[in-house]
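Below are the C-alpha cells for one structure; questions will follow.
The values are calculated or read from the model by the stated rules, or taken from the named source; none is laboratory data. Quantities reported herein were computed from a predicted structural model and do not represent experimental measurements. Here Cβ is always computed from backbone atoms with ideal geometry, including for glycine, and neighbour counts include all displayed protein chains. Please note that ligands, DNA and RNA were not included when accessible areas were found on the heavy atoms of the full protein model with its side chains. Shrake-Rupley method; radii C 1.70, N 1.55, O 1.52, S 1.80 Å.
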Amino acid sequence: LTGTVKDFQFINPHVQIVFEVRAEDGSVVVWVAGSGARQSLERAGWNPQTLKPGDEIKVTGAPHKEGKKELSVIKLVAPSGQVLSQQVN
C-alpha cells in the first residue's frame, strides 16, 4: 500500500503507523500498520523521527484476517527511499 502518514507512534509494546490510502474511486481509506517492539525496531534503524505526518510511504505487510484495515508491517519504504524492515540481521 502507498499512503500518507497521519500518525507515527514509536511506543511499546508495538510501534503503530496510521496512514491514509487513496482508493481508486478517490476516497481516502485509513489504515493502521502495527510493527514490532520499539527496541527491536531501534536495532533495525528506526527512531521516533523516522516518519512524520505528511510523509508518503509504501508498506508491505500481512493484512488482518478479518478484513479490518490493519496490517502487520513486513517492510516499509520511507520518503527518502530507505527500506526499513523490522527484521534485524
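Can we say P79 is open to solvent by 30 Å² or more (accessible area, probe 1.4 Å), at pLDDT below 90, not in a strand (DSSP E or B) and not polar (S, T, N, Q)? Don't jump to the end; show me each part of the working.
Numbers: open to solvent by 30 Å² or more (accessible area, probe 1.4 Å): yes; at pLDDT below 90: yes; not in a strand (DSSP E or B): yes; not polar (S, T, N, Q): yes.
Spelling it out, P79 is indeed open to solvent by 30 Å² or more (accessible area, probe 1.4 Å), at pLDDT below 90, not in a strand (DSSP E or B) and not polar (S, T, N, Q).
Related question: Just give me the residues in region 1-38 being open to solvent by 60 Å² or more (accessible area, probe 1.4 Å), part of a loop (DSSP other than H, G, I, E, B) and either under 18 Å from Q49 (Cβ atoms) or touching a Ser or Thr at 6+ places or on another chain (Cβ under 9 Å) (or both), in sequence order.
L1, I11, N12, H14
Separate question: Kindly indicate whether any position in region 39-51 is part of a helix (DSSP H, G or I), open to solvent by 60 Å² or more (accessible area, probe 1.4 Å) and either without any contact (Cβ under 8 Å) to a residue 24 or more places away in the chain or polar (S, T, N, Q) (or both).
Going through region 39-51, the residues part of a helix (DSSP H, G or I) turn out to be 39-43.
Cutting the leftovers down to open to solvent by 60 Å² or more (accessible area, probe 1.4 Å) gives us 39, 42-43.
Okay, now just the ones that are also either without any contact (Cβ under 8 Å) to a residue 24 or more places away in the chain or polar (S, T, N, Q) (or both), so 39, 42.
Yes, some residue in region 39-51 is part of a helix (DSSP H, G or I), open to solvent by 60 Å² or more (accessible area, probe 1.4 Å) and either without any contact (Cβ under 8 Å) to a residue 24 or more places away in the chain or polar (S, T, N, Q) (or both).
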